[in-house]
Structure formats: structure tokens, C-alpha cells
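Before any comments, here is the structure.
What follows is calculated from the coordinates using simple rules that are stated; it is not laboratory data. Because the structure is predicted, anything quoted here is derived from the model rather than measured. FYI the Cβ positions are ideal-geometry reconstructions off the backbone, even for glycines, and counts take in every protein chain you see.
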Amino acid sequence: MSLALARKYRPLSFDELIGQEAVSLTLSLALENDRLSHAYLFSGLRGSGKTSTARIFAKALLCEHGTTSHPCGVCSHCKMAVDGRHMDIIEMDAASNRKIDDIRELIEHTKYKPSSGRFKIFIIDEVHMLTKEAFNALLKTLEEPPAFVKFILATTDPLKLPATILSRTQHFRFRKISQPILTKHLEHILNLEGVTYEKSAIDIIARSGAGSVRDALTLLDQAIVYSTNFIDLSTVTNMLGIIEPSLLEGLLNKIMLKDEAGILEFISMASEFESEMVIDELMLYLKDILLSGSTKITPMIIERFFRVLADAKQLLNIGSDGEFVLSLTLFKMMEALQIQDIDGMIRTLEKELNSVKITPSEPIKEESSVPLSPPIVDDNRIVEPEVSPDLPIPEPIKPIDPHAKQFESLIAKLYDRNYELGEGFKNSITYSSFEDNLLSWESTASGENKTLLKNNWGLIRMFVQEIFGFETKIKNIPKELPSVDVEPELITSQAEEPIFMVAEEDELPMTSSCIAPEDGGVEAAKEKDERTILDEPMVAKALELFSPKKVRVKRKS
Ligand SMILES: [Zn+2]
């Protein structure tokens with residue numbers, strides 16, 4: 001095998017060109033229909049077929065049988081072109097001939113007619129390497145060359161070309177050769193060469209070729225020499241110094257199972273490999289898992305793993321100790337799994353908090369109706385993923401009034417003090433709102449229940465003030481009371497009035513630990529003078545109505 005595979009299997013026609021169907025087709029049509037441009041630009045990854053295409057195209061232009069997409073390959077022009085000794089095909093490598101003098105010499109050449117062919121073809125490889133002066137010198141000729149001159153410029157970096165060059169050429173972009181196509185190509189060549197192989201080994205070579213036919217073939221050359229006629233997986237992984245996929249699979253299993261001992265074992269085994277390679281291989285392996293549609297690892301976890309691995313690459317780039325970075329990375333990957341647990345905990349906690357709702361501004365989320373993906377974790381930040389717009393957005397549920405909760409404690413407190421009172425209160429009083437120190441409720445109290453509540457009015461108010469604040473006033477809104485014809489609004493103006501009598505003005509509370517003030521809650525705090533207390537209009541009226549027995553209690557001195 002003296003001749004390198006890349007040269008031996010260089011494509012000789014557009015049909016043999018692999019992975020560049022669009023380019024082949026367009027150039028073939030141009031040749032067939034005689035719609036030729038005077039300058040072409042081929043750009044793309046190294047080894048993607050630019051130079052081969054340029055040579056096939058040149059041959060097609062010069063074949064004795066006329067410009068054709070299928071040059072005969074046997075005429076003298078075709079033969080000379082294939083052997084690279086055609087006088088009218090001038091190849092120049094701009095990487096080593098980048099100066100203005102080189103271009104001036106080339107321009108001189110364009111002035112002379114072709115020696116034997118139809119055209120004089122200039123192939124300039126790596127054209128982006130030319131100096132600015134060289135480009136400028138080339139411009140005029142490129143724009144208006146003699147009719148017999150054709151330019152084919154090739155570059156791996158079209159962005160480095162001046163716009164003036166780009167606008168004067170027909171631009172063809174060469175694609176990266178996909179891994180399956182490369183694999184197929186390699187297998188085809190191995191069959192022709194009579195070399196046996198393991199499919200997975202060829203997959204790895206194709207992958208390592210990274211879209212370049214030339215690179216993949218160079219590796220294949222190497223593998224053939226290395227493997228004594230049978231290319232197997234371990235030969236290739238050894239040759240490339242990469243880790244076997246089965247070991248990576250084992251490692252990922254250990255990570256998923258949080259098997260620390262297993263991971264440590266891997267780290268000690270992997271010490272013979274370059275850490276960067278292990279990390280690269282892990283990335284590729286995860287990519288394979290993602291693309292294979294396997295459910296073994298969710299995309300969410302793959303994304304987290306990928307971030308951890310990307311961090312590792314950065315650490316390696318700043319020259320950190322490889323083994324240390326690898327160990328750190330693998331344990332971080334294991335931790336990335338735990339973050340999911342934390343997410344779960346946070347959501348459970350949020351649910352619990354929502355049930356005692358403290359922030360009315362935020363609507364409670366219905367977990368079941370919106371399948372939210374777990375938050376993306378970036379280092380220490382937790383980023384909630386956006387709900388995609390096609391998901392149904394839940395109707396925001398009316399936030400629970402936190403004071404309703406306080407009202408419940410009021411009921412509980414009343415029950416606690418007096419079961420009967422609690423029952424009576426609960427059955428007839430419904431919370432409606434609490435705003436600006438005004439507690440509003442609706443009352444359906446009547447009969448005995450009403451009396452009970454009236455009798456315990458002081459206690460109720462005390463508890464209300466304990467729970468809602470000392471300044472709290474109460475607004476009672478009677479409901480379903482046939483005798484009520486007083487507007488609730490009227491009642492509110494006297495909010496400090498005891499509630500159970502406001503609807504029927506001739507009733508008064510019987511027991512009250514303190515006296516209702518004339519106005520304002522502050523007054524309520526003040527003790528009335530004991531000598532004038534009986535002169536209070538309401539007390540007086542009460543005395544008149546109930547004719548109670550008066551008992552004088554003296555202060556202890
Ligand atoms: Zn020919």
C-alpha cells in the first residue's frame with residue numbers, strides 16, 4: 001500500500017464526489033448548458049472535496065469531447081489533467097505564494113493563450129492567505145479576464161476574503177461530510193482493498209474524520225497498518241488514544257446510579273488517558289444518546305451533563321491538572337442528578353406555601369394542568385424554564401385572602417373559649433373582607449343565636465382585636481333577616497357600634513368589657529370614669545330596658 005488512500009481514491013468525476021450533491025449538480029448543469037462563469041469560489045472544510053472538484057471541473061472544461069459534465073477520461077487532455085501535468089491547468093497555493101509579486105506573475109500568465117486546451121484554468125488554493133496588495137492586484141483580472149481564462153479559487157475561510165473578491169465570483173459552499181456518508185465511503189474502500197473490519201471501529205474513524213474525507217482516509221491508512229488486516233475497535237481506540245465506548249457507557253451507568261466507588265475506579269483506570277479526550281468522548285457519547293432517541297438519560301440531564309463538561313473544558317484550557325478536573329467533573333455530573341431531587345423538594349414546598357398563600361399577587365399554579373419541565377440549573381442559579389407558548393396557560397386562581405385564615409383562627413379561638421359560642425358564631429357569621437382596619441362579615445344570626453352572640457359581644461370584639469389588630473373595627477352586614485331594612489352602608493358609618501343590634505336600633509349589648517367610644521378606635525382604649533359611666537346614653541338606655549341589679553365594686557386600695 002505505497003499510495004495513500006486519499007490519493008488512490010481521489011474522485012475523478014462528479015459522480016464519485018461524495019457528500020456534495022448540490023455542488024456537483026450545479027456545476028454539471030453549467031457545463032452541459034454552457035453557462036460558465038469566469039470565476040468560481042469553492043469554500044468549505046478541509047478535505048471536503050474542494051480541490052478534487054476544482055480538478056474534475058478543469059478536466060471537464062478541457063476534455064476533447066467538449067465541455068461536459070462527464071469528461072471521457074481517456075483523451076490526452078483528460079489524462080494530462082488527471083496526472084496533474086496539463087500545461088493549461090495552473091495550480092497555485094496561496095498559502096506559500098501570497099505576495100503581490102506572485103499574483104503579478106500569475107496575471108502575466110493570463111495574457112498568453114492556452115497552449116493546447118480550450119481554456120487556461122487557474123486554481124488558487126487557500127486564497128484567503130493572499131495579502132491585501134495581492135488581492136487588489138488580482139481584482140481587475142478577476143473581473144475581466146481574457147475569454148479563455150477561468151479562475152477557481154478555493155478557501156477554508158471565505159469570511160477572510162474581501163467583499164470585492166466575493167462579489168466577482170460564483171460562490172459554492174462545500175458541506176461537511178456527514179458521519180454516515182463517511183462510514184459508507186470508508187467501508188467501500190476497505191472492501192476494495194480487501195481489508196476486514198469491525199463496523200464500530202470504522203464508525204470511530206469516520207467520527208474522528210470530523211467531516212473531512214481526507215482526514216478520515218489518512219486515519220484509515222494508519223489503522224490498516226496498525227491492525228494487520230483486521231480493523232477492530234480496540235485497535236482503533238488504542239491507535240487514536242481514545243477511550244472505548246463501552247467504558248464510557250459503564251461510566252455513565254455508574255454516574256446515574258451514584259456509584260461513587262465505581263466512579264473512583266474509572267478515574268484511576270482513566271489516568272492513562274488524556275483527560276481532555278475523555279471529556280470530549282463523553283460529550284460525543286451524550287450526543288449519540290440524545291440523537292438515538294434513547295430514554296436512558298433525559299435531555300434535561302444531558303443538558304446538565306453538557307454544562308458540567310463544558311466547564312471542565314474551560315478548566316483544562318486554563319491549564320488545570322487534568323486528572324483533578326476529570327474527577328471533579330464526574331462528581332459534579334453525579335451531583336447534577338441530585339439537583340432534580342432538590343427541584344422536587346422546592347416544588348413540594350411551594351405547593352405547601354401556596355395552600356397558606358401569603359402573597360396574593362401570585363396565582364397558584366395548577367401542577368397537573370401544565371407540565372413544567374424542571375428548572376435548568378446553571379451553577380448556583382436556578383432558572384425557571386419558560387412555559388412554551390403552545391401550552392395552555394392556566395386560569396389564574398383567585399388568590400386566597402390571607403385574612404380569611406385569620407378569621408378562621410377567630411372562630412377557633414371562640415370555640416376554645418366557649419363551644420356553644422363558637423358554634424353560634426360559625427353558623428351565622430361569614431367572613432367577607434378585611435381592609436383598612438375594617439373587618440366586614442355577613443351575619444344571619446337570629447333568635448337564640450343572636451342573643452348568644454350579643455351577650456358575648458365584648459369577648460368577640462376582644463378576640464377580633466387580638467387577631468386583627470387593636471384598631472380593628474367591625475362591620476356587620478345582616479343577611480336574610482326579614483326585619484332588616486337598613487342599608488349596610490348606613491351601618492358602616494358607625495362601625496364601632498356593637499354589631500348585633502345595629503339592625504334593630506332599640507337593642508343594646510348586654511355584656512361588654514369596655515364601652516364603645518363615641519368615635520374612633522383610639523377612644524376605645526380609654527377607661528371611662530366610673531362615676532359617669534352610668535350616665536352614658538347607651539348604658540342608661542340599657543338600664544332602662546333590662547332594669548338590672550346594680551352592684552358596686554370597690555377598688556382595692
Ligand atoms: Zn476527455
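Only residues of segment 448-480 count here: report those whose backbone N is under 17 Å from the spot 7 Å along Cα→Cβ of Lys405, or say none. What the label zone holds, given the 17 Å backbone N cut-off, is 467-469. Once backbone amide H atoms are built at 1.01 Å from N, Lys473 has Leu438, Leu439 as its partners under 5 Å, excluding neighbours fewer than 5 places away on the same chain.
With a sphere of radius 12 Å drawn around the Cβ of Lys296, what net charge do the other residues whose Cβ falls strictly inside it have (Lys, Arg +1; Asp, Glu -1)? Net charge in that neighbourhood comes out at -2. This model, with +1 at the C-beta of Lys and Arg and -1 at the C-beta of Asp and Glu, gives segment 5-174 a dipole about its Cα centre of some 120 debye. Quick check for me: using +1 on Lys/Arg Cβ and -1 on Asp/Glu Cβ, what's the dipole size of segment 245-340 about its Cα centre, in debye to the nearest 20? Roughly 460 debye, rounded to the nearest 20. For segment 51-153, applying the loop criterion from DSSP together with a ceiling of 15 other beta carbons within 10 Å to the trypsin sites (Lys or Arg not before Pro) yields Arg85, Lys99, Lys111.
Measuring against 27 Å, Cα to Cα, the residue pairs Lys50/Lys140; Lys8/Lys287; Lys454/Lys479; Lys413/Lys541; Lys150/Lys184 contain Lys8/Lys287; Lys413/Lys541; Lys150/Lys184 as the ones spanning a longer distance. Using the Karplus relation 6.51 cos²θ - 1.76 cosθ + 1.60 with θ = phi - 60°, the per-residue 3J(HN,Hα) values for segment 289-306 come to 4, 4, 6, 6, x, 5, 9, 4, 10, 6, x, 4, 5, 4, 4, 5, 4, 4 Hz, with x marking Gly and Pro. Each Lys and Arg Cβ is given +1 and each Asp and Glu Cβ -1; about its Cα centre, segment 393-472 then shows a dipole of about 200 debye. Once the C-beta distance of Asn253 and Asp416 is scaled by a Förster radius of 45 Å, the resulting FRET efficiency is 0.15 to the nearest 0.05.
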